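Q: Here it is: the structure, laid out below.
The values are calculated or read from the model by the stated rules, or taken from the named source; none is laboratory data. Everything numeric in this text was worked out from a predicted model, so none of it was measured. Here the Cβ is made from the backbone with ideal geometry for all residues, glycine too, and neighbour counts use every protein chain on show. The protein model used for the area step is the full one, side chains on, heavy atoms only, and it has no ligands, DNA or RNA in it. Shrake-Rupley method; radii C 1.70, N 1.55, O 1.52, S 1.80 Å.
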Amino acid sequence: MRRVLAGVLATSVVAGLVTLAAHASPRAAADEPVVVVSSTFDDGTAQGWTSRAGEVVEPSTAVARSGTHGLAVTGRAQSWQGPTLSLLDKAQKGIRYDLSVWVRLAAGEAPTQARLSVERRTAGTPSYDQVVGDTAVTANGWVNLRGSYTLAADVDFLATYVELSSATASLHIDDFALSYTPLPPIQTDIPSVKDVLAAHFAVGAAVETAQLLNNHGQLLAKHFNSITPGNTLKWDATEPTEGAFRFTDAETLVAWAKANGAAVRGHTLVWHQQTPAWVFKDAAGNDMTATPENKALLLSRLEAHIRGVVGHFGDDIGVWDVVNEVVDENQADGLRRSKWFEITGLDYLRTAFRVAREVAPNARLVINDYNTNVPAKRDKLYDLVVKLRAEGVPIDAVGHQMHVNVQWPALAETEAMLTKFAALGVDQQITEMDVSIYTDNSQSYPTPPADVLLTQAYRYRDFFELYKKHAADISSVTLWGLADDSTWLDSFPVTRKDHPLLFDTRLQAKGAYWGVVDPGRITSTTTTTTTTTTTTTTSMTMPPVRCTVDYRVGGQWQGGFQAEVRITNATTTAIDGWTLAWSFPDGQRISQLWNGAHTQDGAAVTVKHASWNSALPPGGSVSFGFLGTWTGSNGKPGPFTLNGTRCVG
Ligand code: XIL
């Protein structure tokens with residue numbers, strides 16, 4: 001990063017702005033959060049914060065979230081005006097930073113929305129990145145805006161700022177922090193996914209430019225031989241205004257792929273989302289209606305777009321998702337009612353494939369969609385592919401996104417999807433796979449439960465076994481992301497932390513990774529929490545895991561202890577009535593037990609369900625606890641058996 005403004009910044013850094021580490025030093029301990037900037041304003045100064053354009057920013061005792069002072073912002077006239085702090089000398093490229101700030105409106109202001117953003121400039125050209133989106137704020141209390149940000153480009157200006165939907169409201173901020181948590185090194189002593197699967201198909205990950213750097217770049221290079229730009233080839237990124245193409249980020253990804261011997265999947269030329277509004281405006285600038293003139297105009301824009309984008313990359317991109325998500329199984333004709341369809345009918349599909357083939361005669365052209373396992377959708381997609389191919393439309397492959405979860409869909413349904421299209425003789429690709437830990441929108445785990453991660457590991461094992469079985473029909477399998485620290489599922493379909501990929505938030509291999517690479521080594525290991533790293537149950541050999549047991553000593557004192565035991569049914573079959581057995585290693589004796597009935601014979605213990613907790617549904621858990629005595633040492637017991645079957649734990 002160039003630091004053109006470093007001198008200016010240095011003079012504006014004042015006492016009280018704690019700079020513990022201006023740079024991510026490799027010496028910083030992994031997993032220990034490092035606070036780079038903390039602004040409390042309690043020394044009565046603005047601590048480097050300024051206005052963006054003429055509004056007044058000053059320390060204030062009117063309200064403070066902590067200590068004596070906050071920062072008051074008055075005199076705003078534009079929604080983008082607000083307090084700003086330069087991060088140019090603070091943040092490094094390729095490091096994921098956490099930003100947190102507290103916001104409230106000045107007394108008497110009507111409720112509005114606040115955002116936390118970053119402005120960066122490269123060679124003077126500004127870009128604006130959102131760190132935290134619109135969040136309701138009032139004058140009645142403090143609201144925390146908290147998000148993360150990774151700088152991917154060289155910059156000569158970098159600043160964070162708070163803005164409001166209201167152009168004029170006055171506000172206060174307090175307790176800003178910029179921090180990061182250094183990652184441990186990536187594991188170099190484990191097999192590369194791409195090598196393990198080399199005989200079957202290419203293995204890819206969807207990535208953004210920031211993920212080419214540091215540990216992320218190393219992880220990507222080690223395990224993947226294909227990449228899909230997650231956003232940088234979409235229409236809003238490549239042609240935000242008509243005829244003005246922008247390829248900088250996509251070029252960075254393509255150059256990385258070349259240097260690392262990876263293929264590139266171009267995603268995507270035509271979609272109903274992430275397409276700029278101008279595309280669907282008529283010659284007079286109004287929203288297009290379905291007229292012959294508008295149809296001609298829209299198809300000519302489509303053709304120019306594909307010529308511009310595909311032509312730019314030539315043979316550097318060997319596969320294109322030419323059209324994305326065009327099927328709607330709820331329509332009798334199976335076609336999504338997008339603007340593309342409403343204005344051109346099927347012709348946008350014909351034009352897109354024809355032009356793509358003409359411009360990139362060597363590229364594999366894909367029709368890509370989600371839920372292609374759902375029989376009704378699968379069949380509509382199939383019918384569409386048959387119809388278009390019969391007309392000579394050059395569709396080479398069907399892309400199955402495979403955004404699935406730990407329970408859905410069934411393997412049999414997924415296999416039926418593959419066999420259906422295999423009969424057609426088209427190539428197939430798995431294009432966006434992830435396995436959400438959630439099965440409905442109401443769930444949210446502060447940390448992913450070990451048993452859910454275990455189930456996820458088996459799901460990955462089973463899906464990849466299926467893909468291998470059908471490898472003759474599948475040329476690549478791509479995951480929609482690199483590691484759990486960055487996944488679109490954190491904000492879709494609702495905001496919550498998801499963990500759908502092969503590597504955890506610290507970029508370490510999960511059970512899911514072993515499910516793909518070597519199922520015999522699946523372990524159930526929890527991932528990082530915000531403050532500590534906890535490893536609960538580990539171990540065990542497959543196949544198959546039927547149950548897991550989490551045994552925890554909750555308290556221990558001279559001669560006595562208390563323990564909690566949690567049993568999880570890791571099968572897909574309900575268990576009605578359970579007995580758990582184990583052996584104590586150190587002469588411990590149970591004196592009192594709750595939520596079950598126990599017997600003990602020497603070291604051997606059996607605990608039977610109580611009348612109210614006999615049911616263990618698939619994936620479900622029960623817990624019981626006890627008080628015991630010990631002398632000498634109080635080692636963990638094992639092995640555990642549930643109804644005679646050995647458990648993990
Ligand atoms: C997602 C990206 O991952 C997000 O960063 C973006 O905000 C929205 O789009 N199906 C697709 C992908 O075909 O393009 C989508 O990617 C995920 C669903």
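Q: So in segment 292-309, with the set limited to residues that are crowded, with 17+ Cβ neighbours inside 10 Å and hydrophobic (A, V, I, L, M, F, W, C), which one is farthest from the ligand (Cβ to nearest atom)?
A: Across segment 292-309, the extreme among qualifying residues is 297.
Q: Could you grab me the full set of residues in segment 168-189 that are modelled with pLDDT of 95 or more, of a type in the set (Val, Ile, Thr) and farther than 26 Å from residue 75 by Cα?
A: Scanning segment 168-189 gives 186, 188.
Q: How many of the residues in segment 70-94 are out of contact with any helix residue (DSSP H, G or I) (no Cβ under 7 Å at 6 or more places or on another chain), under 12 Å from residue 178 (Cβ atoms) and outside any strand (DSSP E or B)? Steps first, please.
A: As a first pass, look at segment 70-94 and keep what is out of contact with any helix residue (DSSP H, G or I) (no Cβ under 7 Å at 6 or more places or on another chain): 70-85, 87, 90-93.
In the following step, the residues that additionally are under 12 Å from residue 178 (Cβ atoms) were identified as 85, 87, 90-92.
Applying the additional criterion that residues be outside any strand (DSSP E or B) yields 87, 90-92.
Matching residues across segment 70-94 total 4.
Q: So, in segment 273-296, how many residues would count as being without any contact (Cβ under 8 Å) to a residue 40 or more places away in the chain, of a type in the set (A, V, I, L, M, F, W, C) and in contact with a Lys or Arg (Cβ under 9 Å, 6 or more places away or on another chain)?
A: 1
Q: Tally the residues that are open to solvent by less than 70 Å² (accessible area, probe 1.4 Å), at pLDDT below 50 and part of a loop (DSSP other than H, G, I, E, B), restricting the search to segment 533-560.
A: 7
Q: Within segment 310-335, can you find the residues that are within 28 Å of residue 243 (Cα to Cα), more than 13 Å from the ligand (Cβ to nearest atom), part of a loop (DSSP other than H, G, I, E, B) and open to solvent by 10 Å² or more (accessible area, probe 1.4 Å)?
A: Answer for segment 310-335, where residues must be within 28 Å of residue 243 (Cα to Cα), more than 13 Å from the ligand (Cβ to nearest atom), part of a loop (DSSP other than H, G, I, E, B) and open to solvent by 10 Å² or more (accessible area, probe 1.4 Å): just 318.
Q: Please state which of the following conditions residue 25 fails to meet, knowing it meets all the rest: (1) modelled with pLDDT of 95 or more; (2) of a type in the set (S, T, N, Q); (3) under 33 Å from the mean Cα position of the chain (by Cα).
A: (1)
Q: If I ask for residues that are open to solvent by less than 20 Å² (accessible area, probe 1.4 Å) and part of a strand (DSSP E or B), which ones from segment 467-515 would you list?
A: Listed by number, the residues that qualify are 474, 476, 477, 478, 479, 503.
Q: What is the one condition in (1) open to solvent by 50 Å² or more (accessible area, probe 1.4 Å); (2) assigned to a helix (DSSP H, G or I); (3) within 16 Å of the ligand (Cβ to nearest atom) that residue 380 does not satisfy?
A: (3)
Q: Can I ask one more? Pairs only if they're at least six apart or on different chains, beta carbon under 9 angstrom, first in segment 473-484 and under 10 Å from residue 430 (Cβ atoms), second basic (Lys, Arg) and more than 14 Å from the ligand (Cβ to nearest atom); list them, first residue then second.
A: Filtered contacts from segment 473-484: 474/468; 475/364.
Q: For segment 257-267, what are the residues that are out of contact with any Ser or Thr (no Cβ under 9 Å at 6 or more places or on another chain) and under 21 Å from residue 477 (Cβ atoms)?
A: Of everything in segment 257-267, those that are out of contact with any Ser or Thr (no Cβ under 9 Å at 6 or more places or on another chain) and under 21 Å from residue 477 (Cβ atoms) turn out to be 260, 261.
Q: Still on this model: Quick check on this structure: which one of 440, 434 is open to solvent by less than 40 Å² (accessible area, probe 1.4 Å) and among the acidic types (Asp, Glu)?
A: 434
Q: Based on this model, can you work out whether residue 618 counts as assigned to a loop (DSSP other than H, G, I, E, B) and surrounded by 17 or more Cβ atoms within 10 Å (Cβ to Cβ)? Let's see the steps before the verdict.
A: Working: assigned to a loop (DSSP other than H, G, I, E, B): yes; surrounded by 17 or more Cβ atoms within 10 Å (Cβ to Cβ): no.
No: the conditions fail for residue 618.
Q: Among the listed residues 352, 290, 277, 283, identify the single one that is within 28 Å of the chain's Cα centre (by Cα) and among the hydrophobic types (A, V, I, L, M, F, W, C).
A: Residue meeting the stated conditions: 277.
Q: Being open to solvent by 20 Å² or more (accessible area, probe 1.4 Å) and assigned to a helix (DSSP H, G or I) is the filter; apply it to segment 264-279 and report the residue that is farthest from the ligand (Cβ to nearest atom).
A: 278
Q: If residue 355 satisfies all but one of (1) surrounded by fewer than 20 Cβ atoms within 10 Å (Cβ to Cβ); (2) more than 16 Å from the ligand (Cβ to nearest atom), what's the number of the condition it fails?
A: In the conditions (1) surrounded by fewer than 20 Cβ atoms within 10 Å (Cβ to Cβ); (2) more than 16 Å from the ligand (Cβ to nearest atom), residue 355 misses (1) alone.
Q: Condition first: modelled with pLDDT under 95 and open to solvent by 50 Å² or more (accessible area, probe 1.4 Å). Can you find one or more residues in segment 67-84 that meet it?
A: First pass over segment 67-84, keeping only residues modelled with pLDDT under 95: none.
Scanning segment 67-84 turns up no residue that is modelled with pLDDT under 95 and open to solvent by 50 Å² or more (accessible area, probe 1.4 Å).
Q: Next question. Pull up segment 478-511, narrow it to residues that are hydrophobic (A, V, I, L, M, F, W, C), more than 24 Å from residue 182 (Cβ to Cβ) and in contact with a strand residue (DSSP E or B) (Cβ under 6 Å, 6 or more places away or on another chain), then point me to the one that is nearest to the ligand (Cβ to nearest atom).
A: 480
Q: Within segment 565-582, is there a residue that is touching a Gly at 6+ places or on another chain (Cβ under 7 Å) and surrounded by fewer than 17 Cβ atoms within 10 Å (Cβ to Cβ)?
A: No, segment 565-582 contains no residue that is touching a Gly at 6+ places or on another chain (Cβ under 7 Å) and surrounded by fewer than 17 Cβ atoms within 10 Å (Cβ to Cβ).
Q: Further question: Considering only residues of segment 420-463 that are in a strand (DSSP E or B) and more than 19 Å from the chain's Cα centre (by Cα), which is nearest to residue 405 (Cα to Cα)?
A: 429
Q: Let me ask something additional. Quick one: is residue 342 open to solvent by 20 Å² or more (accessible area, probe 1.4 Å) and either within 16 Å of the ligand (Cβ to nearest atom) or farther than 28 Å from residue 480 by Cβ (or both)?
A: yes
Q: Shifting gears a bit: Step by step: first the residues of segment 203-248, then only those that are open to solvent by 50 Å² or more (accessible area, probe 1.4 Å) and within 13 Å of the ligand (Cβ to nearest atom), then the one that is nearest to the chain's Cα centre (by Cα). Which residue is that?
A: This residue is 208.
Q: Here is a further query. Test residue 261 against the criterion of being within 20 Å of the chain's Cα centre (by Cα), away from the ligand (no atom under 16 Å from the Cβ) and either modelled with pLDDT of 95 or more or surrounded by fewer than 21 Cβ atoms within 10 Å (Cβ to Cβ) (or both), and give yes or no.
A: When the stated conditions are applied, residue 261 does not pass them.
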